[in-house]
Amino acid sequence: MIFASNTDDSSRKSSTIAFLHPMDHEEPSFRFFKNSLRMQGSLQMSLRRPSRVADFSRQYIPGDPVNRIDWKAFARSDQLILREKRDEACAQILIFIDLAPSMFWPSKNHIEKIDLPPTKFEIAVRLACHLAVSHLSVGDQVVMALSQDISPVITHEMTARSPGDILSLFTHLRDEAFSSDALVSFFSKGQKINKKIDTGYLISDGLSYPIMKNPVICANPSLHCFLHVLSSLETDVLWVADDWVYFDEYQESKEYFGRYLKDQNHYLKSLFHWMASLRVQINKNNGWYMNITDQTALLAYARFLEQMMQGGLLR
Amino acid sequence: MMWQNLTITWSFVTIGVILLSFLGLTIWWIIRIKQKRLWLPTLRIIELQESRLPNLKFRPPEWVAFLCFLALCAIFVFFSMQPVKKVVATDGQERRRIHLFIDLSPSTSARLPLQKLAQKILTAWDSLHEGHLTISTSHSSDIVQLSNREELENYIVSIGYHRSGVLLGSAIKPQLEKLGKIDRLFIVSDRDLYSWTDFNWRFLSEDMEVRLLNLADNHEEDFNVYFNKASYLSSPDAPSMDWDIELEAKGAYANIKGILAVAYKDVELAAIPWTINEGQSRVTVRVSWPKTKIIDDSKDQEAHLIWRLERLDDAISLDNEMRTEVAGLGKSVLVVSDSSGEQILEDPAYQLMASLEVLDFRPKRFEWFEEPLPPWKDFPLWIILFGKNSQIENYCPKEITFNRLAASLGEQTFQSGMPRIWLAPKNFNQGLRQMCWCYHRIMVADSANQAIPEYCQNIDTQKEFNSVMRAMGASQVGGQIGREEEAFAWVGVNKKSNLEVIAFSLPLKPSMQTGISYARLPILMRSILQWQGFLDERARRDGNRDVWPRINNIVDYWPDGQRINKVAQNLVPNDDKKLLKTNVPVGESYLLKMDLKELPPLWVPGQLIANSPHLPASDDQKNPLPWIIFCTWFVIVILLLEVTWFGLQRLRSYKKTLLMLLISLAAFQANDKLFAKIEVSLLASSGSSLSLQNLAKDVGYRTSLSFDKEIKVYNSLDEKIFLEPWIWTSNFAKIRGSFQSIDFRVANWIKRGGFLVIENAPELSELQKLTKDAFSGTSSQGYWTAIPPDHEIMRSFYLLDSLPACDQRVWLGYMFDQRIAMLAIPYSLLNSLSDQPPSQTCMEATAKERGVRVFVNLLMVALATDYKKDQIHMREILKRLR
C-alpha cells in the first residue's frame, strides 16, 4: 500500500462530498435522462433526423425530404423550414483519476492532526464511482483510467461493466481505507484509450503538471469536465500555525512561515487566482470546471452536474 | 603515550579548530530545530513573492562524511597540542644514557694544565660511568666510548687543547644528531663568553638534562696578554726587516713585563723586552733584524716566523705564541732570456728584472732551459723572452705540453701544479714567429713534437701576430674590444691543467717605439702581476697583511666523521695543517665570563645523579607532524571524493547538454571547414576551368571577405546547384527550358531568392522571351531594364560611373520581387578577371581595375542586396556628418 486515506467519518458532515456514495441519486439531474425520448445513452448523435415532433428547425437545403417541410411556416413566412430531431446514442465516458503523491494529502504521515479530513484521493474515488454509476445506469460505456506518475500518462485503465461492479469496487476500497493499491488492483495496465471519447471527466488536484496536458483533454472529447479536487485544508489556512514552516516537496526553495501565509490573505489570494486561471483555461477549451473539496455540499455538486447535463451533455 | 603525562597548551590552531567544530555543530543543530515543517502541496502552484525563509534547511548529513568530520576535528584538536611541561620522573635504569662533552678551547686552558683537566674529568667519570656514557670533545665530531679510567686519561692528554676557537652550540649540535636519544648532557667547559655565544642550551633541556661542569671557578682576578696585531713595515729594498707587534692585555693587572722573541727555523732573530703599565691596555713593540738573517731557499713552504711572549705568567699560555708568514721575502720568478750583451742597454731582460725586484719579487735568470727543469713550485711565474734566432727547443719546454695533455686526459702529471708563463719578444717585431709556435705548442698542440704550424711561419709584424693569436682562441689584453691590432697581450687559459699563458706582442722593456718608459714598466708589470694574483694590492697598501690566520670556530674544519670509536688511541685530533698553524682567536683571549644565571645548572662531580631534580620524562613527546600530515591527506582525499561524487551527480542532470556539447565540439574538431566563405557557382559546359586566384586576393584585400579562388563548376542543372545562393552562367542554353522560356527549376529558384548572373547575354528580346511566362503568374511582375546609374550595383561598395558596355550592348537587370534577380552581362566578366584572361574580351578596352570594382559591387549586392537602404545606422551616420 502506497498511501492510505483517513476514513474516520466522525468529523464529516453527511451533506458533503465526503459522504458521497456511488448510488447517491438525490440529485435531480438524471431525471432528464429518464424523461427524454432518447433511444439509449446520453450522447446526441450528430446525424439529425427530420421529425414531426421536432427539437428544432432549420432552413431547407436542396435534397432534404420535401414532406418534412413545415408548410405552415412557409405559408406564414415564405421560408422553407425543415423540422429536425436529433437521436441519442450510448456515449463513451472516460473518468480519469490522478494518483500523484499530492492526491494522498493530507494523511497522518503529513500532518499530526487528530481529525483529518479525507484525502483528495478518497474524494476523487467517491466522485469517480458516482459518475461511473450514473453514466452506466443511463446506458453509457464507461472507462476508468489512472495515472500513477506525476507526468501526464495513463498507466492503468478499467472498463466498467455495470453499476454493480463499481459498487463492489467502492465497497472494497472503503474497507481498505481507500488505499491506492486496492484501487490499482482493479485496474489493468494500459496506456492508450483506443475508443473515441465523447465525454471525459478529469479528477485531479491539478498540481502535477499543466492541466491542458492531461490525457483526458488531449483525447479531445466533445465534452470534458475538470473536477478540481482540493482538500479543505488547502482552501483554508486558518489551521496553519504561525511559527511552523510550510514547504513544497518538489520545489525546495518554496518555504514559508505559517504567519506569512495567513498575513493579508497572501495564500488565499494566490490560491483563488490560480483556480480562476484554471477555470478560464478549461472554459476556453469548452470544458466544465468545478472546484470540489471535502466540504463541498452534495447539493452544489448535484447542481453543477445538472447544469452540465443541460448545457453540455444533452445540448 | 600516557595520557596522564600529557599537559597541553592551547595554541591558536587548537582554539580555532575547536571553535569551528562547535560552530559546525551549532549550525547543524540550529537547522535541525527548524524541522517543524509541513508539506503543503498547493504551494507548488501558488506564487508568493516575499518573506521566504532564509535558505536554511535541514538536511540529514551524510553520516560517513559527518563522522569523518567529527573524527578529524578531534584529531586536529588533539594533535595540534604540544606537551610543554615535563613531569618529574624517577631515576630509573632507562635514564642512564649520558654524554660528556669536553671543551678543549684555548680559554679552557686558562691556568688549567692538561693533567689537571684530566683529573677533573676522571672525577666526573667516577660519578657517571655506571650508565651508558659517551664522550666527545671540541676537537672533532667523533664520539668515543671508553672502558676504563686509564683510557680516558690517555685520551685527554693525547689530544690536548686546540688553538682554534670553538662555539659550543655548533659543536654540540652535530654530535647530538649522531648520538640520537640521550637523557643527560654534561658539558665540561669554562664560562667563556665567546664559546657560549649563540648556544641555546635551554632548547636542549626540553629533551634532556643539561648540566655544566665549570672549570673556571678560581680565576676571577686573572689577566691575559695576547697578540692583537702584527704589521710588516719594511720596503722591498730595505736592508732590515721591521715589524710592529701590538700586544693587548685583559683582566686585572698592575705592571706586566715580558720579552717578545721572534724565531725563524729555530733561529732567534730578535728578543725585545716590553711593559704594559697599569691603566694601559696595549703596547706596540717594534722588532727589527737584518734581512740577511733569513736565508731563504724557498723550498720550505711551511717555515714561519714564530713570535713568543717569554717570561710571562698569564692566564692563557696558548695565545702567547703566534705564527706569521715570512713577509718581505718575495716570490721567485724565472726569467729565461739569453743575454745580448753585457751592457745594461743591450740586455733586454735587465729592466724587466729590475721592475720585478722593485715589486718585491726575486727574479732568477736562465739563459735557456736545460734538462732537468727547475721544480715548478719554486717558480710560480716563468717569463720567457724570444729573440730573432731563439731556438724553440731551448725556450719552449715540452714538459709543459706533456703536463697539459696529461691533465686534460686525467692522467698522472709530471709535476704538480703549473707555473704561469709569460711569452714576450726581446725587441719590437722580433721573435714573434717563435712565440706563436711556442704558444701553439703549450696551449693548442696535440703533441709536443709538432713542427711549426703554417700560420706561424709567416708572422713578421705585431699586427700579423695579433690576428693569429686571436685565431688560436686567445683572449685580448689591452686595447679596445674587437680591435685586435691594439692588443697589448694575449692570454690563453687551460682550466683542466690550470695553465695560463700570456703572450705579449710588445717587448717588456722601455722603448720609444712602444711608448713604455722606464717609469711605466714597473707600473705595467704591477698591474699584470696584480691581475694574475701575484700581488695582494690591498695588503701592500695597508701594510697590514693578514699574516696570522686565526680559526674562530674549529667546527668549520671538522672532518665529517661518522664513527663512534671504541678505542681512544685511534682518535688523534685532526692534524690538518691549518689547525696547527692557526693562532688563538681574539675572542678566546678576552677572558670575558658568562653570567652563571645564563648557564646550565652547575654540577659538581661526585654529586649523586639521583638527587638531581627535574629530569624530563623519557618518552613523553611524540612528533605530531606525521599524524597531522596524514590527517591532512585524509581530509583532502575525502574532500576530493565528495567533490567528485557531487560533481558527477550534478553533471548527470546536464547529461543531454553535455552530450550535445561534446558532439558539437567533436564536430568542430573534426571539421576544419566550419567557416564562411564565398565561392562562385558556375553553370558551364564540361571541361571549362577558370582560376580566380588574383581576384580572390584582390577581394580579400579590399573587403576582408574570404573569397574562394576555386570555382564550383556545375555541368547541368542538378539538385545541388539550386542550393547555391547565386549562379553564374555564360551558357544561355543551359538555363533555357521549353519554348525558349527559362527552365522552371531556375525560375523557382529565383523566386526563392536566387541570383542569376548571365554572362555573354543575348539580346534583350531573347531575355524577355526567357522570362515572359515563367514569372507571369506571380504577384510582382518582373521586367528587364538597363542598370540605372543609381542602382545599388553602382554604389554598393565603389561608386561607379557606368558599367562597361560591350558591342554597344549594356548591362541589363531583371527586377523582380523588389530586387535584382537576374543580371545580364554582355561579355564574360569572370573570364576577363581570371588569372589568364583571354585575349579578346570587351574588358580589354577598360582597365582591369574597373572590372574588379564592378565585381566587388556585384558581390556586395549578391550578399546583402541594397544594404544601404537599411537606415538603422542613419542616426550614427548623421551624427558623424555633423
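Bear in mind these aren't lab numbers, they're just calculated from the coordinates by the rules spelled out. Note that the structure is predicted; figures quoted are calculated from it, not measured. Here Cβ is always computed from backbone atoms with ideal geometry, including for glycine, and neighbour counts include all displayed protein chains.
Miscellaneous remarks
- Looking at the stretch B:122-184, the trypsin sites (Lys or Arg not before Pro) that sit in a DSSP loop and have at most 11 other Cβ atoms within 10 Å of their own Cβ are B:K181.
- Between the stretch B:335-368 and the stretch B:173-203, the alpha-carbon center distance in angstrom: 61
- Over 29 Å apart at the Cα level, from the set A:K108/A:K269; B:K364/B:K495; B:K173/B:K593; B:K712/B:K869; B:K677/B:K734, are B:K712/B:K869.
- Percent antiparallel among DSSP beta bridges (both partners in the stretch B:265-388, rounded to 5): 30
- Ranking of B:K593, A:K72 by neighbouring Cβ atoms within 10 Å, starting from the fewest: A:K72, B:K593.
- Prolate/oblate/rounded call for the stretch B:738-877, Cα gyration tensor, a/c under 1.5 rounded: oblate
- Shielding of peptide A:241-249 by partners, expressed as the average count of other chain Cβ atoms within 10 Å per residue Cβ, is 5.
- Prolate/oblate/rounded label for the stretch A:219-265 (Cα gyration tensor, a/c 1.5): prolate
- Pairs from B:K720/B:K751; B:K178/B:K597; A:K192/A:K284 whose Cα-Cα separation, in the structure shown, is over 22 Å: B:K178/B:K597; A:K192/A:K284
- Fewest-first sequence of B:S776, B:S105 by Cβ atoms within 10 Å of each Cβ: B:S776, B:S105
- When both bridge partners sit in the stretch B:646-750, DSSP labels roughly 10% of those beta bridges antiparallel.
- Cα gyration tensor, the stretch B:92-169 - rounded (a/c under 1.5), prolate or oblate: prolate
- Calculated FRET value between B:A406 and B:D207, using beta carbons and R₀ = 51 Å, to 0.05: 0.40
- Counting DSSP beta bridges with both ends in the stretch A:155-253, the antiparallel % (nearest 5): 25
- Among residues other than A:D78 with Cβ under 13 Å from its Cβ, the summed charge is +1 (Lys and Arg +1, Asp and Glu -1).
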